[in-house]
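The values are calculated or read from the model by the stated rules, or taken from the named source; none is laboratory data. Worth saying up front: this structure is predicted, and the values here are computed from it rather than measured. Every residue, glycine among them, receives a Cβ derived from its backbone with ideal geometry; neighbour counts consider all protein chains shown.
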Amino acid sequence: MNEKLSKNKDEVEASKAPLISHLIELRDRLKWAVFFFFLAFCLCYYFANTIYDFLVDPLYQIYIDNGISNPRMIYTALTEAFFTYLKVSFYGALFLSFPILAMQVYKFAAPGLYKNEKKAFLPFLIATPVLFSLGAALVYYFIFPLAWSFFLGFQTSNLDTGMAIELEAKVNEYLSLVLKLMFAFGLAFQIPVALTLLARAGLVNSQQLKKRRKYAIVVAFIVAAILTPPDLISQVGLGIPIIILFEISIYLAAFFEKRKKNNKKPKKKKKMFGETDFNQ
């Protein structure tokens, strides 16, 4: 009986050791991720004014095109401008440090993956920030100029009415709207990554995605209506890319399904020189 108890204790102690080593490794990975995020935050805070000027530039150009020579933005709370720069720095640091964070997560999970799983996962790890950047670039260079022109079209002068209607954009509200749109488009561009990973895991297939195409179109415009301002330009500008990305996901899922079937096919054994087939 004593031997059995000691054996059970040894097994419990042996099972604790791998868990502790994994927790230590996770702690070290998180340390590096937080360290790089802090460095990126300090860098972004140093250039916060430059980053904010970059985000404001689409609105500034619309002002200039409308003949307003001295456009301005306001803040109504003493701490509003300060917290706006902190918010700019935080999201900038999150964007810059994401590749490092994703790499640390990958290195932590890599020892538990097979060689083919590592090769399958790594391209998606690279594609995620690239697709996010494409989504953010689309909204910055295409949607912002159209949407801001639409909203500024509601301004009136006192010649048209008894009282002028002019925009006095607040710093924090403008930044919140810009970041909301950029992250909405960036996350929407992750649809091919998410659906292709689900397809490779066997949770969905291309035929299921094709059957749900009409539902995906409805959901795309519902999501666009929730995430974007209440104007047709932003909603269509987000809804159409979601539908296109969904179609790309279907083709990617079908491609990997076909390649998986080809890999499972048994390869024909090559005949040696002088060997005959006795089954003929």
Next item on the list: May I ask you to verify whether residue 123 is at pLDDT 85 or above, within 15 Å of the chain's Cα centre (by Cα) and not charged (D, E, K, R)?
Entry: no
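Yes or no, residue by residue, for (1) in a helix (DSSP H, G or I); (2) in contact with a His (Cβ under 6 Å, 6 or more places away or on another chain); (3) under 27 Å from residue 145 (Cβ atoms):
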site	(1), (2), (3)
42	yes, no, no
62	yes, no, yes
69	no, no, yes
78	no, no, no
81	yes, no, yes
87	yes, no, yes
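Condition first: among the acidic types (Asp, Glu) and at pLDDT 70 or above. Can you find one or more residues in region 265-279 that meet it? Break it down stepwise before answering.
Our first condition is that a residue be among the acidic types (Asp, Glu); within region 265-279, this holds for 275, 277.
Still in the list and also at pLDDT 70 or above: none.
Within region 265-279, none of the residues are among the acidic types (Asp, Glu) and at pLDDT 70 or above.
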Note to self: If I filter region 199-214 down to residues being surrounded by fewer than 17 Cβ atoms within 10 Å (Cβ to Cβ) and touching a residue at least 24 places away in the same chain (Cβ under 8 Å), which single residue comes out as nearest to residue 254 (Cα to Cα)?
What the structure shows: 205
Next item on the list: Quick one: which residue in 127, 136, 93, 102 is closer than 27 Å to residue 233 by Cβ and in a helix (DSSP H, G or I)?
Entry: 136
Next item on the list: Kindly check whether there is at least one residue in region 179-196 that is farther than 27 Å from residue 89 by Cα and surrounded by fewer than 16 Cβ atoms within 10 Å (Cβ to Cβ).
Entry: yes
Next item on the list: Kindly check whether there is at least one residue in region 162-169 that is crowded, with 17+ Cβ neighbours inside 10 Å and either more than 30 Å from residue 72 (Cβ to Cβ) or not aliphatic (A, V, I, L, M) (or both).
Entry: no
Next item on the list: Would you mention how many residues in region 215-229 are surrounded by 13 or more Cβ atoms within 10 Å (Cβ to Cβ), free of Cβ contacts under 8 Å to residues at least 40 places away in the same chain and not hydrophobic (A, V, I, L, M, F, W, C)?
Entry: 0
